[in-house]
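Below: one structure, written as structure tokens.
Read the figures in this text as sums done on the coordinates, not as results from a lab. This is a predicted model, so every value here is computed, not measured. For neighbour counting, all protein chains shown are included, and Cβ atoms are generated from backbone atoms with ideal geometry for every residue, glycine included.
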Amino acid sequence: MLKDEIFLDQKNKKHILTKETQEQWLKTFSLENLEQSYIPKHNEAIKEALGGKKIRLQKGSLLKLVSQGRQEFIPHIKAVLDEPDVIFYDIDDGYLLTKHIKGDDYFVNVSYDKGEYLVSVSNGIKERRNLQNKMNLGAKILYQSPSFRSSRNKLLQASQFSANKIDMLDYNEKNMKSQAIQGEQAMDMLRQEYKEKDIDKEKEFNRDKINRFGGKKK
């Protein structure tokens with residue numbers, strides 16, 4: 001029988017995991033007890049995006065929610081794990097499973113690679129600009145749901161803009177390098193031209209000197 005539990009967070013602060021929250025967790029994820037992990041069932045496209053590894057949602061995620069006072073996120077966690085709209089891979093944060101909530105708000109689950117499986121470590125709401133910043137810094141889109149792709153969501157428009165921006169930066173960099181090479185070649189030609197002119201002037205000076213003084217006897 002369930003009952004309230006008292007636990008300490010990483011800062012040794014006390015929190016209460018109420019019986020009601022436990023019941024909601026177990027019911028939402030169809031678990032028999034709190035020690036059991038929830039493993040979402042994914043389609044082939046999502047499995048491929050996650051490298052064929054399964055995600056494990058463990059009791060630690062529940063305790064973290066309670067310590068942050070975010071028990072209302074429980075339904076969102078189920079939704080984003082089961083049917084993410086977009087999956088990103090960020091070299092610093094790992095796998096980001098994202099689901100659009102409304103407006104510019106997205107619910108994001110962060111899962112780390114533990115070798116044989118992925119483990120859910122963080123859940124929360126992020127703004128579109130936060131995800132855009134990650135894309136601008138190199139986060140890659142591994143998966144898009146068909147419905148999300150067809151919705152013309154601003155996040156996808158931003159990802160396309162980001163890709164175009166990177167292509168343009170590459171083009172500009174190559175163009176600048178090409179112009180620099182051409183400029184250096186032009187300077188070499190000018191230096192050679194001036195050098196040749198200086199040689200011609202010296203020869204002309206020497207001939208004039210010979211003509212003026214070389215034929216005269218003292």
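So here's what we get for this one:
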| quantity | calculated |
| --- | --- |
| The stretch 1-65, relative contact order in percent, only Cα pairs under 8 angstrom and at least six apart counted | 24 |
| Radius 14 Å from Cβ of Val119, net charge of other residues (Lys, Arg +1; Asp, Glu -1) | +3 |
| Members of Lys19/Lys126; Lys54/Lys99; Lys13/Lys78 lying beyond 21 Å, as alpha-carbon distances in this model show | Lys19/Lys126; Lys13/Lys78 |
| Proximal charge balance of Thr18 [Cβ under 10 Å; K/R count +1, D/E count -1] | -2 |
| Cβ-defined net charge surrounding Ile55, 11 Å radius [Lys, Arg +1; Asp, Glu -1] | +4 |
| Computed Kirkwood radius, in angstrom, where 1/r is averaged over Cα pairs of the stretch 51-154 | 14.1 |
| Relative contact order (percent, whole number), the stretch 1-116, Cα cutoff 8 Å, 6+ residue spacing | 17 |
| Protection-proxy order for peptides 43-52, 107-116, each taking the mean of Cβ atoms within 10 Å per residue, highest first | 107-116, 43-52 |
| Distance violations [Cα-Cα > 19 Å] among Lys3/Lys41; Lys59/Lys114; Lys47/Lys140 | Lys3/Lys41 |
| Magnitude of the charge dipole, the stretch 1-134, Cβ model with Lys/Arg +1 and Asp/Glu -1, debye to 20 | 260 |
| Check: the stretch 24-103 dipole with +1 on Lys, Arg Cβ and -1 on Asp, Glu Cβ, in debye | 260 |
